[in-house]
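A quick write-up on the structure given underneath.
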Ligand code: C5P
C-alpha cells in the first residue's frame with residue numbers, strides 16, 4: 001500500500017521567494033486537479049506560533065516540538081487557500097513579511113525540518129502533487145517525476161512581492177523588500193541543512209523575463225514530455 005502511494009506523481013517547484021513558485025503551483029494544481037503543498041506556509045506557521053507563544057527562535061528543541069504537533073489546516077477554496085490554526089483563519093498573518101523572516105529563521109533548525117517531513121509526505125495523494133518550496137526536489141521528494149528550479153533576479157523578485165503584497169492590502173516598501181529578500185536568500189542558500197540549491201536532475205527556469213503564463217506553458221510542456229499531463 002505504502003509503495004503504491006509513494007509512486008504517485010510529484011512535480012517539485014523549488015527556488016527563492018518571488019520567483020513565482022506559489023502562483024505557478026496553484027495554477028498547475030487547479031488545471032490538473034492535483035494537490036498542492038505550500039511547504040513555506042508550514043515554516044511560516046511554526047514561526048508565527050513561536051512568536052505568539054513566546055518560544056525563542058534560538059531554541060531549536062522547543063521549535064521542533066512545536067513543529068511536530070503543528071495545529072494547522074489548509075482549507076482550499078475556489079481562489080485561495082485559507083490557513084487555519086486552532087480554528088482561527090491566520091492566512092494574512094502567515095503571508096506577511098514578518099512571518100517570512102521568522103520562517104527563514106526556524107527553517108535553519110535541522111530538528112524543525114525533520115519534524116515536518118511526514119506532514120509534507122502526507123500531501124502526496126491521488127491523482128498527484130505539485131510541491132512548492134526550497135528542498136522539495138532535493139530532500140522531501142527526491143524521487144519526483146519532474147523537478148523545476150525557478151530563478152529570477154532579486155530586483156524583479158522584490159517587485160513581484162511588492163505588487164502581490166500591495167494587492168493583498170499590505171503596506172510595504174520596495175527597498176525594504178529587496179533587502180529582506182537578499183537577507184533571506186543569504187540564509188536559505190548558506191544554511192547547513194537542506195540549503196536552497198537545485199537537485200542535480202532539476203530543470204532550471206529563469207523567470208526574470210517571463211510572465212506567469214509562459215512559465216506555466218513551459219512546465220506543462222515538460223510534464224507532457226514525461227507523460228504527466
Ligand atoms: O516560500 P516562503 O516564502 O513561504 O518560505 C518562507 C521561508 O521558509 C523561506 O525563506 C525558507 O527559509 C523556508 N522554507 C524552507 N523550506 C521549504 C519552504 C520554505 O526552508 N521547503
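Read-outs throughout are calculated quantities, based only on the coordinates presented, and are distinct from any laboratory measurement. This is a predicted model, so every value here is computed, not measured. In this analysis, Cβ positions are derived from the backbone assuming ideal geometry, glycine residues included, and neighbour counts consider all displayed protein chains.
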- line: Across 142, 127, 16, the residue with the highest GNM fluctuation in the chain (Cα network, 10 Å cutoff) is 127
task: Return a whole-number percent for the relative contact order of segment 10-224, with Cα pairs under 8 Å and 6 or more residues apart as the contact set.
output: 33 percent
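Checking the a/c ratio against 1.5 first, then a/b against b/c, what shape does the Cα gyration tensor give for segment 1-68?
Details: a/c = 2.99, a/b = 1.64, b/c = 1.83.
Since a/c reaches 1.5 but b/c is at least a/b, the shape of segment 1-68 is classed as oblate.
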message: Given a 10 angstrom Cα cut-off, can you work out which residue in 52, 157, 191 is the most mobile in a GNM of the chain?
response: 52
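Based on the Cβ-Cβ distance of residue 156 and residue 217, what FRET efficiency does E = 1/(1 + (r/R0)^6) give at R0 = 25 Å, to the nearest 0.05? Display every interim value, and only then the final one.
Numbers: r = 19 Å, r/R0 = 0.76.
Efficiency computed from Cβ-Cβ geometry: 0.85.
Rounded, prolate or oblate, given the Cα gyration tensor of segment 32-161, with a/c below 1.5 counting as rounded? Spell out each step's value before the answer.
Working: a/c = 1.32, a/b = 1.26, b/c = 1.04.
It is rounded, given that a/c, with a ≥ b ≥ c, falls under 1.5.
Order of 153, 64, 17, 79 from fewest to most other C-beta atoms within 10 Å?
Working: 153 14, 64 19, 17 23, 79 7.
Lowest count first: 79, 153, 64, 17.
Kindly provide the helix-only [θ] at 222 nm of the chain, computed as the sum of -39,500 (n - 2.57) over DSSP H runs of four or more divided by all residues, to the nearest 500 deg cm²/dmol?
Values: 11 runs with 112 residues, N = 229.
It comes out at -14500 deg cm²/dmol, rounded to the nearest 500.
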- prompt: When 162, 43 are ordered from fewest to most other Cβ atoms inside 10 Å of their Cβ, what list results?
  reply: 162, 43
query: GNM on the chain, C-alpha springs below 10 Å: top fluctuator among 13, 57, 42?
result: 57
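Taking the number of other C-beta atoms within 10 Å as the exposure measure, put 172, 46 in order starting with the fewest. The partial results should precede the final answer.
Working: 172 17, 46 29.
Final ranking by Cβ density, sparse to dense: 172, 46.
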message: When a/c reaches 1.5 or more, the comparison of a/b and b/c decides; with that in mind, is the chain rounded, prolate or oblate per its Cα gyration tensor?
response: rounded
